[in-house]
Each structure stands twice: as structure tokens, then as C-alpha cells.
Amino acid sequence: MSFPIRRPRRLRGSPALRSMVRETRLSVDQLVQPLFVRPGQGIENPIESLHGQSQLSVDRAAEKAVELAELGVRSVILFGIPESKDDQGSEATDADGIVPTAVRAIKKACPEMIVIGDVCLCEFTDHGHCGVLHETRDGLSVDNDETIDLLADEAVVLADAGCDIVAPSAMADGQVDAIRCALDDHKFDQVPILAYSAKYASAFYGPFRDAAENAPASGDRRGYQMDPANGREAFIECELDLEEGADIIMVKPALSYLDVIARLRDDTDVPIAAYHVSGEYAMVHAAADRGWLDRDAAMLESLISIRRAGADMIITYAAEWYARQSLNR
Ligand code: PBG
């Protein structure tokens, strides 16, 4: 009996060999760091459920952007905790609201940073839903068409403040089209849209809702976010968003939806983003805090698996950490 000719272990013998034949790479250039901005000055409120993350006042957010750029992180996505909330989410469309103010400060301190603006109402509505609510025969429900008009206004305000990319995440039908038309009308035809196309009604957003203080006051988001059981439906959402003018499509969350990322990768040549969400990040830290996982190895494995599935870029709370550990290697 002779040995088989192919012996995969031959290529695993040393770090140099393993690195030479490695199929997937992860670079800090592909990562986007989320930042939570809040009113005030000199504020840095640690978010208990999100290891290493804080709510930052605008001055601190600008400092953080400079620090991130020095580490090699090239992009941030901003979420705002507004001064006040109401049923229309008015601060979302206010040019002097918390997010546009932070965008201006960050772009001033760090012009090369790619600033992504999340386009949604849930951080700004007192009921916490992603759009305007109307009474229907089934109870309160997000009014799609009224909502997309507000999202279009919000996108223009964000672009005007200096956002390099806008990212609609409200899961309203037609939101990309409404935003594209509004941007083009206001001479922002060069501002790309990163569409949260396949955004699932996931339990893994828990820590984010603490961080952004935007949990729905009643009900849930299943009337507009996707059913976790549906994979094929992601194609419908992505096709619509691309027809409407999306430049990048996104799958969110990432780790429970790697099959969706992989299937889209086979089907489309546009850039694909994945959102490694708060719960996916927090689980690793929670287990590591108990000594049950190797923190760094588990986080790296999470990120590389998202790349292996086919994502070009990853929004992750681990971006800063990844940049630091890359420098130290
Ligand atoms: C909402 C929004 C959410 C996240 C980003 N934008 C959550 C939600 O639907 O409540 C979640 C991100 C995360 O969990 O890290 N516009």
C-alpha cells in the first residue's frame, strides 16, 4: 500500500508555508469602525456590552478618528444618540443634529477618513422604529412611503455635512431609489450608496440597541427586516437595491448569514459588505471574559470567515483592535 500522492499536510509544515498558500487575507483597509456619537464635551461613556467601545462626544469622536487613521483604519460609520427624540425622528433631518455635527468635526480633523452615514430613523424616533408609524387595520406599522421621503432628506443632510458614503438601513421598500434621486438632485451624484440590502430581524443586535439607545418601545422589527429563515429572498432585496442604484450591497448580521454572503458572491460582481454585528462581537468577549475562548484567536477567526465567505469589506467593532494587533505583529 503506497501513500496517496496528495498529502495536504505537506503545505502546513511552517508558518511561512501556510502563509504562502493561504487563500484569504484580511487587511485593515477592508474594515469599518462604528462610532457612537452623543451630545456634550469631553465625554467617553464606555458601553458595557461592547468591549472597548464608548459613546463619544463630538470632540472625542474627532480625536478618535485621528487616532484610528494613524493606526491605518480608513473608514468609520457613525451612529447618533440625539439630544431629543420625537415620533417623526426630526433630528435625523436636522443639519445641526448630532450626526452631521460629528461628520463635520471628523472630516475637519481627519479629511482622509471615509465617513459613512447610516440612514435610518430608529435612533431619532421616540418609539424606536426605523420609520414613521401609522395606524393600520393590523395596528401600528411603519408607513413606507412617508418614511422614504424622510430618509432621502436625511441622506442629503449627511452628504451635505461631508459623508463620503451613505448607508440606508431602514429596510423600507424603494429607499435606495428615493435616496439616489435626492442625492442626484442636490449635486451629490458622486456619493455612493452602501445599501443594507439583506438586513435580518436578528437577535444579535442586542448590545447595539443599548449603545444607540434605540430599542423599539413596543413591537419588533419583523414587519420590515428580513426573516432569518429566508436565504433566497436576499437575492430579491439585492436585485432591487442594485436596480435602484446601490453601489455596494450588504448582508447583516454576518456570521449567522455566511451562506447568504457566499451565494451572493457567486451571483454578483458588485462589492459586498458584511456587518459583523454587536451581538456577534459581544459573544466572543463574553466567553473570553470567562476564560472559555481565546479572545484574539476567536475574533480573528470570525473576521477571516466573513472574508472567506466572500465579503469585500466588513463593518466591525473589532476594526481598531485589528489595526493595533496588526501593528504589533
Ligand atoms: C438600525 C441599525 C441597527 C444596527 C445598525 N443600524 C439595529 C437595529 O435594527 O436595531 C445594528 C448593528 C449592530 O448590532 O451592531 N438602523
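I need the Debye-formula profile for segment 1-103: one equal scatterer per C-alpha, no solvent, reported as log10 I(q)/I(0) at q = 0.16, 0.23 1/Å, two decimals. Per q value, in the given order, log10 I(q)/I(0) is -0.79, -1.21. Long hydrophobic helices in the chain, taken as whole DSSP H segments with a C-alpha length of 27 Å or more on their own axis and mean Kyte-Doolittle hydropathy at least 1.0, are absent. Counting every other Cβ atom within 10 Å of each residue's Cβ, Ser169, Ser90, Ser202 order from fewest to most as Ser90, Ser202, Ser169. Could you please state, rounded to a whole Å, how far the C-alpha centre of segment 234-303 is from the C-alpha centre of segment 100-137? One Cα centre to the other: 21 Å. With neighbour counts taken as other beta-carbon atoms within 10 Å, the residues Trp321, Trp292 rank, fewest first, as Trp292, Trp321. The ranking of Met20, Met226 from fewest to most other beta carbons within 10 Å of each one's beta carbon is Met20, Met226.
Between Gln41 and Asp227, residue separation times 0.36 nm minus the direct Cα-Cα distance comes to 62.9 nm.
Considering only Gln175, Ala102, Ser19, the residue lying farthest towards the positive end of the dipole of the chain is Ser19, judged by Cα position with unit charges set on Cβ.
Derived value for segment 27-328: Kirkwood hydrodynamic radius 19.1 Å. Basis is the mean of 1/r over every pair of different alpha-carbon atoms.
Using the Cβ-Cβ distance between Glu48 and Ser2 with R0 set to 56 Å, the FRET efficiency works out to roughly 0.40. Considering only alpha-carbon pairs that sit under 8 angstrom and 6 or more positions apart, the relative contact order computed for the chain is 17 percent. From helices alone, the chain scores -11500 deg cm²/dmol at 222 nm; the rule is -39500 (n - 2.57) for each run of n ≥ 4 DSSP H residues, then divide by the residue total.
For segment 27-328, the tally of Lys pairs with Cα-Cα distances below 27 Å comes to 11, considering only residues 8 or more apart or on different chains. Taking only the alpha carbons of segment 23-65, we obtain Rg and Dmax values of 13.2, 46 Å in that order.
Here segment 235-282 is treated as an ellipsoid with the same Cα gyration tensor; its semi-axes, largest first and in whole Å, are 21, 11, 8.
Every number here is computed from the coordinates shown, using simple stated rules; none is lab data. Owing to the predicted nature of the structure, the values given are computational and were not obtained by experimental measurement. Every residue, glycine as well, gets a Cβ built from its backbone with ideal geometry; the counts of neighbours run over all protein chains shown.
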